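Okay, so here's the structure we're looking at.
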Amino acid sequence: MKISFLLILPVFSVLTSLAQDETEYKEASKESQAYHDYRMKVTRPPYGIEKVLSLIAKIKDEDLGSEEYKSALSPKVYASLTLREKFTYNMVHGESYSQNCDAVPPIQDEQKKIFGHLPDLFGESSWTDSQEKFFINNSDTVVKLIKESVLRSKRMGLNYKHAIIVMNAIDMIPFLVSTYNTDRKDHDILTVLILLMKENKYQPFIASASHQKLYESKGDYSYYFAHIVLNKANEDLVIQRATEFYNGWRK
């Protein structure tokens, strides 16, 4: 029996969680910690991985002042890499590093939530503008290699998810939905779908209760904590909205 979209909406609104006070330190459960570790895993592409890791180990960081550092291959060495090796390098290494003294308290029941943002990728490191431009300027190849890797390993690492957002890869929505539906365990794939709708200002999502819950809530660490409850109604609604967004974008 087909469930009406209009019937799902009230359920979605009712089942989204109330704001949770997570500003005080409290140890998360073992199940929550295990899912956190699962969320944080990156994928190491196989293309020249040993060569790339060896080159990264030899990098001498450049002190930019104000506790900021640049950790990058020399232009000559980087230019000598093949396109696939550059893909591997950028996927496993953030060239920008800055010290951050603020520790975020553990998220409680992480496995029961669909978040509005992905976890930070490299901790105190991040991609530079030039690294993000690599993904954007080579998006056809990057998308192809991500798909190949995910189909081979049955896993979409956190780095792949961030790259999809950087590239604004709307054309990957059907692949993301298919990947999620294989076992419905990696709920950050839903976060990627949500972020693609948000960044492209898809009006049915922008006007929704879920957008308000995820991006208009206030409070300490709301960037990390804002979420909607994980349940089948919410999973299905995210997928339905993202699919409708994709179909409209294709026209």
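Ranking of I164, I114, I59 by neighbouring Cβ atoms within 10 Å, starting from the fewest: I59, I114, I164. Ranked for footprinting exposure by Cβ neighbours inside 10 Å, fewest first, V238, V42 give V42, V238.
Sorted fewest first by neighbouring Cβ atoms within 10 angstrom, L151, L53 come out as L151, L53. Report summary: the helix-based calculation at 222 nm, which adds -39500 (n - 2.57) for every DSSP H run with n ≥ 4 and divides by the residues of the chain, gives -15500 deg cm²/dmol.
So which of K60/K198; K41/K201; K112/K147 end up more than 31 Å apart, counting from Cα to Cα? Check vs 31 Å cut-off fails for K60/K198.
Check the straight Cα-Cα distances from K70 and name the aspartates and glutamates below 17 Å, setting aside those fewer than 8 residues away within the same chain. The qualifying aspartates and glutamates are D61, E62, E95, E124, D129, E132. Here is the list for segment 116-183: GluC sites (Glu not before Pro) lying in DSSP coil, each with at most 15 other C-beta atoms within 10 angstrom of its C-beta, are E124. Once the Cα atoms are used to define both axes, helix 5-15 deviates from the longest principal axis of the chain by about 80 degrees.
Does segment 72-170 come out rounded, prolate or oblate, given a ≥ b ≥ c as the square roots of the eigenvalues of its C-alpha gyration tensor, rounded meaning a/c under 1.5 and, failing that, prolate meaning a/b above b/c? Note, shape of segment 72-170 comes out oblate.
Length available on full extension from D171 to Y38: 0.36 nm per residue minus the Cα-Cα distance, which gives 45.3 nm. What is the distance in Å between the Cα centres of segment 70-129 and segment 146-212? Cα centres, segment 70-129 to segment 146-212: 18 Å. If R0 is taken as 22 Å, the Cβ-Cβ distance between K147 and T243 corresponds to a FRET efficiency of 0.75. The modelled label-to-label distance for the pair D236/K251, using points 7 Å beyond Cα in the direction of Cβ, is 2.4 nm. Between E67 and Q212, the modelled labels are 3.8 nm apart [label points 7 Å from Cα along Cα→Cβ]. Grab the other residues whose beta carbon is less than 15 angstrom from that of E62, score K and R as +1, D and E as -1, and report the net. Spelling it out: positives minus negatives among the neighbours equals -2.
Looking at the chain as a GNM with Cα springs under 10 Å, which of L81, L193, L145 has the largest mean-square fluctuation? Looking only at L81, L193, L145, the largest GNM fluctuation is found for L81. To the nearest ten degrees, helix 83-92 and the longest principal axis of the Cα atoms of the chain are 70 degrees apart.
Each residue, K201 and K51, gets one label point 7 Å from its Cα in the Cβ direction; the gap between the two is 4.4 nm.
Any read-out appearing in this document is the output of simple, stated calculations on the displayed coordinates, not a laboratory observation. As the structure is a computational prediction, the values presented were derived from the model and not from experiment. Reconstructed Cβ throughout: ideal geometry from the backbone, glycine too, with neighbour counts over all protein chains shown.
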